[in-house]
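The values are calculated or read from the model by the stated rules, or taken from the named source; none is laboratory data. For clarity, every value in this text was computed on a predicted model and none was experimentally measured. Surface accessibility is based on the protein's heavy atoms, side chains included, excluding ligands, DNA and RNA. Shrake-Rupley method; radii C 1.70, N 1.55, O 1.52, S 1.80 Å.
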Amino acid sequence: MFKGALSAAALVAGLSLTPVSASAAPIIGGATAVDLTATSTFQSLGYNVSTYGTASSFLVGGDIIAAFLITGGTRNDSTGAMVINHAGSGLNFSLGGNTLSIGDFEIDTAAGLVRGSAAANGFTLGSNISLFNLGAGSVLTLTNEAAAAFNTTLGTPGLAGATIGTANPVAVFGPSGVPEPASWGLMIAGVGFVGASLRRRASKAARLAAA
């Protein structure tokens with residue numbers, strides 16, 4: 001979805017993808033940008049949406065774009081399927097003094113599922129909850145478990161199956177499971193590059209619409 005993502009991958013990876021002999025290539029970093037296409041819906045419900053931990057966010061064309069650093073995972077070299085981890089970051093949804101926090105996202109492309117942790121007002125609901133179904137085009141829809149957490153914590157029923165947004169992971173592969181400290185700076189710079197590319201895209205679309 002994001003045309004700037006491949007350029008961001010080059011920046012994040014430093015144009016250095018190290019091949020490995022094993023059938024499962026380790027993922028050592030990168031970032032996943034999530035376009036929260038339901039931003040206007042959240043606003044109409046009175047939600048305040050924010051990121052926490054190492055995540056960051058910005059607005060593009062009225063949508064919140066949230067960026068989450070990739071902290072590990074693997075890619076099956078035979079099938080291309082990936083498990084992508086994002087420990088230490090997530091999203092807060094707040095309404096009426098209550099907050100639902102979901103994060104530590106694990107994208108499982110083979111299962112078509114995003115799992116993670118959930119907490120209601122700081123109290124842990126679970127650490128391996130099915131949060132989103134991952135459909136065609138990397139579209140994210142709320143699972144029954146996540147919808148139940150929204151209803152219990154924020155009093156919003158009927159969200160099961162609702163489209164939340166789209167995910168765009170840009171992973172860096174290598175022989176080591178732990179990125180060097182300098183790599184974190186490159187990853188953060190890569191997230192910023194994705195944001196800049198999206199802003200340019202939105203600006204270009206606005207100019208074309210006005211023409």
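List of remarks:
- Taking amide H atoms as placed 1.01 Å from N in the peptide plane, the amide H of I64 lies under 5 Å from those of L36, T39, each 5 or more residues away in sequence or on another chain.
- Here D77 sits with roughly 70 square angstrom of accessible surface, probe radius 1.4 Å.
- Computed on the Cα atoms alone, the convex hull of the range 28-99 gives a volume of 105 cubic angstrom per residue.
- For L69, the solvent-accessible surface computed with a 1.4 Å probe is close to 10 Å², ligands and nucleic acids excluded.
- Amide H to amide H distances under 5 Å link A111 with no residue, where only residues 5 or more positions off or on other chains count and H is placed in the peptide plane.
- Karplus (6.51, -1.76, 1.60) ³J(HN,Hα), θ = phi - 60°, over the range 150-162, in Hz, Gly and Pro reported as x: 5, 5, 5, 7, 10, x, 10, x, x, 8, 4, x, 5
- Put simply, the amide H of A81, placed in the peptide plane, has neighbours under 5 Å in N76, leaving out anything fewer than 5 places away on its chain.
- Phi to ³J(HN,Hα) by Karplus 6.51 cos²θ - 1.76 cosθ + 1.60 over the range 42-51, Hz, x for Gly, Pro: 4, 5, 5, 7, x, 6, 9, 10, 8, 9
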